[in-house]
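J.: Have a look at this one.
The values are calculated or read from the model by the stated rules, or taken from the named source; none is laboratory data. It should be emphasised that the depicted structure is a prediction, and the values quoted were computed from it without experimental measurement. Backbone-built Cβ (ideal geometry, glycine too); neighbour counts: all protein chains shown.
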Amino acid sequence: MVDRVGGVRDRFTRERPPGATAYPGGDGHADHGVGGAHTPKEERAVKLLVTGGAGYVGSVVTRMLLDAGHEVVVLDDLCTGHAEAIAPDATFVRASIHDAAQVLTPQAGFDGVLHFAALIAAGESMVKPELYWRTNTVGSLALIDAVRAARVPRFVFSSTAAVYGNPATVPIAETASPAPTSTYGATKLAVDMALTSEAFAHDLAAVSMRYFNVAGAYLPPQGAGIGERHDPESHLIPIALQVAAGRRDKLQLFGDDYPTADGTCVRDYIHVEDLARAHLLALAAARPGEHRVFNLGNGNGFSNRQVVEVVREVTGHPVPVEMAPRREGDPATLVASAERARTELGWVPAKPGLRDIVGDAWSFYRQLHA
Ligand SMILES: NC(=O)c1ccc[n+]([C@@H]2O[C@H](COP(=O)([O-])OP(=O)(O)OC[C@H]3O[C@@H](n4cnc5c(N)ncnc54)[C@H](O)[C@@H]3O)[C@@H](O)[C@H]2O)c1
């Protein structure tokens, strides 16, 4: 068994008889009717709860689930999300994940939960750790309690590359030892570990998706697109676009003396559409009694300077840069090995290029500020 969450998985590994039943009515197989590149044999619509469906990633995944024919209930307290980002065809419940049991009742008939709701700013998590533990960890445990009580068979969790901290080797595989350097990363790792226990003890089919840097935008043929709108924004591409658009004076880059080709940090960017698609595959591949962990990144690193250069090219505008000292805890290079997602889920990113990612983010930015 290769899944490993802080070494816990190994201790919890056990043999399961073929076709073991997860819950009454469950058949113990991975085919739960949610499609993707590996479309399950008997596709059927299911009812899913999406927490954080008013946020950047959750709102895109909601649209893809609806497009695939599923029924989706979005649970979000709108503390950082945007009501207008919620897919119109989803049922919206404004509530906190702490109160998820009110929605996730045994009678409601949910077939799965996709859990995106969280606070996501690593910097803020260092000065308000209690807020992050309460929301990201205590809130997730309340949600998992509700999942258990309602006998919901599947759970897909938004974990993060931040669980790895300063990796000993790059590209980072799922087998790397987690050692988060931020409270944010620690709160997410705690949930990963809780899911390992939950799968082992209660037969949950659990999947953790460890995202690297999500970027780009979802631009449907009709209607408004969905892109990054974090406030305050802490991610490089949307900040660089704000500078290109003249809404900020300059872009600060933290450190140009790292052991990388141009001295600036190197990160792995993944298009939000590719990321979202992986969630549908993960849902279909979830297996009762197992906690599967997947890194989601491109496997290609781009330096901060390279990102700025692409933003200049795509927008045609100058992006003044100011160098600032290194930030505490920023690793030089964070690049994913997403081999496991490719081989086990059949996931193939359609838009791995930085130009596509920045181009879509810029289209969304102009739509938003038209
Ligand atoms: N964006 C990235 O680059 C990135 C990278 C790694 C991991 N992730 C993870 O992906 C998930 C989604 O990230 P995002 O960028 O879409 O963030 P986001 O801030 O856009 O969305 C988070 C959503 O969760 C909701 N929320 C927060 N606390 C809640 C609570 N207690 N109850 C109910 N709703 C609550 C917010 O209102 C918001 O709509 C998060 O779990 C994050 O940790 C994101």
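J.: Considering each of Val191, Val147 in turn, give the residue that is surrounded by 23 or more Cβ atoms within 10 Å (Cβ to Cβ), within 12 Å of the ligand (Cβ to nearest atom) and not in a strand (DSSP E or B).
T.: Within the list Val191, Val147, the selection yields Val191.
J.: Scan the stretch 157-167 and give yes if some residue there is surrounded by fewer than 16 Cβ atoms within 10 Å (Cβ to Cβ) and either of a type outside the set (A, V, I, L, M) or within 16 Å of the ligand (Cβ to nearest atom) (or both), otherwise no.
T.: The answer is yes, given that some residue of the stretch 157-167 is surrounded by fewer than 16 Cβ atoms within 10 Å (Cβ to Cβ) and either of a type outside the set (A, V, I, L, M) or within 16 Å of the ligand (Cβ to nearest atom) (or both).
J.: Now for a separate question. Answer yes or no as to whether Gly58 is near the ligand (Cβ under 7 Å from one of its atoms) and surrounded by 19 or more Cβ atoms within 10 Å (Cβ to Cβ).
T.: Yes; evaluated as a whole, the condition is true for this residue.
J.: Exactly one condition in (1) more than 25 Å from Ala336 (Cβ to Cβ); (2) within 10 Å of the ligand (Cβ to nearest atom) is false for Ile226; which is it?
T.: Every condition holds for Ile226 apart from (1).
J.: Let me ask another. Restrict the check to the stretch 104-123 and report whether at least one residue is under 22 Å from Arg210 (Cβ atoms), at pLDDT below 95, within 13 Å of the ligand (Cβ to nearest atom) and part of a helix (DSSP H, G or I).
T.: yes
J.: A follow-up question, please. Can you tell me which of Leu296, Leu281 is crowded, with 20+ Cβ neighbours inside 10 Å, more than 16 Å from the ligand (Cβ to nearest atom) and either aromatic (Phe, Trp, Tyr) or in contact (Cβ under 8 Å) with a residue 40 or more places away in the chain (or both)?
T.: Every option except Leu281 fails the conditions.
J.: Counting only residues that are among the small types (Gly, Ala, Ser), on the phi < 0 side of the Ramachandran plot and exposed (fewer than 14 other Cβ atoms within 10 Å of the Cβ), how many does the stretch 81-122 have?
T.: Final tally of qualifying residues: 2.
J.: I'd like to verify a number: residues in the stretch 63-84 that are within 12 Å of the ligand (Cβ to nearest atom) and over 25 Å from Leu131 (Cβ atoms), how many?
T.: 1
J.: If Val321 meets every condition in (1) aliphatic (A, V, I, L, M); (2) over 14 Å from Met209 (Cβ atoms); (3) modelled with pLDDT of 95 or more; (4) under 21 Å from the mean Cα position of the chain (by Cα) apart from one, which number is that one?
T.: That leaves (4) as the condition not met.
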